[in-house]
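Visitor: Just dropping this structure here.
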Amino acid sequence: MMIPMLAAIVVTAAFEGGSVGRVEQAGPRHLVCAVKGQADQNGRNRQANWYYFRMDGLPRGEEVRIDFTDLVGEYNFRPGSHAVTKNTRPVFSYDRKTWTHFTDGEASWDEKEIRLTIRFRPERSRMWIAHMEPYTREHLSRLMGLNRPHLHLEAAGLTVRGNEIPMLTITDPAAADSGKKVIWLMARQHAWEAGTSWAADGAVRWLLSGDAEAARLRKSAVFQVMPVFDIDGAAEGAVRFNANGFDNNRNWDTAEPGKMPEIFTVRKLLLGGRMDLFLALHNTESVDYVEGPVMDERVRPAAEALVKGLRERTSFVDGRSPRNSMGAAIDKGRYTVNQYLYAERKAPAFLMEMMVERHPRLGRPRTSRDFSALGEGLARSLWEAANAGK
Ligand SMILES: [Zn+2]
């Protein structure tokens, strides 16, 4: 009697942005996938919420189970935290063009084991899974390849691997720069936060569009946009630390050129140029908010205008924003970019978090299209904030 061979499901993450930990095939249609995660330069603050892998040999139409394990790490030196929770809904794709979230019915959570399980019936034998829709070099190249007279490209700084951190300057060269507001938008300091790149991409595309309001903004402002700050980490499937293990949104007060070239080089640029408003974009799993130096009366109008604009023009939701970024003493080596810019030059510098779990205003997790659609409202709100109270 012949025993039918059960073909193995082959898992790989050996491609740009890919990441997976140890994979075990627990049964013919059951995979246990550890999330690789990343720790900092001292082996602390492990965060495990970026996974992006391909499966081949899936049995079409039959139920497949994947357990995501090894999720526990620590955050800001508090052990036991895990970014992947019962509310996490990974995305899947058969072609890396169309990505779909797994449904509530396909996901389950084991609180004792700290384990996320998805059960699904694949339509094809090859499939990709990720924490959210990746934003890759190809997307960035397409954005930078837009041939528009109002777009100028340069390098904002250099990474550990010697890559250039791209910066896109958008303004109308026919109007004199001296009368313009200078607005900075930085995305993706943390490699896993692909949604921030999608939002920056959307902002750039709208600012370069034929929209009459975009044309007005190009005449009255210079937008300096960094869509992928951690260009190394994004390519290598990292989570939140640079190639030497340093957090790109801490260390702004202490950055050394050898260990943290990204911060060191971009810091010089940010301190040297004009700055009427600065915003760093981040993703969190479960909350939207904006924080900044709101205790400063000179900055407060900009903070209020930014949050008001975001509420009216985008899916942003948070009753407590703008929150105070300077409320507590900050330890040496723990300054974020916005805290540092305020401490150093009293700049109206803000941080915005955008959640990836089911969004209360959308009734579903944000897709890349949702993040991208934030771009217009984001650009307009930044412009209003830069002009507030003046
Ligand atoms: Zn972040």
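The values are calculated or read from the model by the stated rules, or taken from the named source; none is laboratory data. All values reported here derive from a predicted model rather than from experimental measurement. Positions of Cβ are generated from backbone atoms using ideal geometry, with glycine treated the same way; all protein chains shown enter the neighbour counts. Side chains included, ligands, DNA and RNA excluded: accessible areas come from the protein's heavy atoms. Shrake-Rupley method; radii C 1.70, N 1.55, O 1.52, S 1.80 Å.
Visitor: Can you name the number of the only condition in (1) in contact with a Ser or Thr (Cβ under 6 Å, 6 or more places away or on another chain); (2) open to solvent by 50 Å² or more (accessible area, probe 1.4 Å); (3) within 17 Å of GLY233 (Cβ to Cβ) that TYR75 fails?
Guide: Unmet condition: (3).
Visitor: If you take the residues in region 163-194 that are more than 16 Å from the ligand (Cβ to nearest atom) and polar (S, T, N, Q), which one is surrounded by the fewest Cβ atoms within 10 Å (Cβ to Cβ)?
Guide: SER178
Visitor: Would region 357-372 turn up any residue that is surrounded by fewer than 23 Cβ atoms within 10 Å (Cβ to Cβ), at pLDDT 95 or above and more than 24 Å from ASN87 (Cβ to Cβ)?
Guide: Among the residues of region 357-372, not one is surrounded by fewer than 23 Cβ atoms within 10 Å (Cβ to Cβ), at pLDDT 95 or above and more than 24 Å from ASN87 (Cβ to Cβ), which makes the answer no.
Visitor: Are any residues in region 25-45 touching a strand residue (DSSP E or B) at 6+ places or on another chain (Cβ under 7 Å) and more than 16 Å from ASN244 (Cβ to Cβ), and if so, which ones?
Guide: GLN25, ALA26, ARG29, HIS30, LEU31, VAL32, CYS33, ALA34, VAL35, LYS36, GLY37
Visitor: Related question: Out of all the residues in region 339-354, is one or more within 30 Å of ARG89 (Cβ to Cβ) and either away from the ligand (no atom under 16 Å from the Cβ) or of a type in the set (Val, Ile, Thr) (or both)?
Guide: no
Condition check ((1) assigned to a loop (DSSP other than H, G, I, E, B); (2) surrounded by fewer than 16 Cβ atoms within 10 Å (Cβ to Cβ); (3) acidic (Asp, Glu)) across all residues:
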| site | (1), (2), (3) |
| --- | --- |
| THR98 | yes, yes, no |
| GLY105 | no, yes, no |
| SER108 | no, yes, no |
| LYS112 | yes, yes, no |
| THR117 | no, no, no |
| PRO122 | yes, no, no |
| SER125 | yes, yes, no |
| MET132 | yes, no, no |
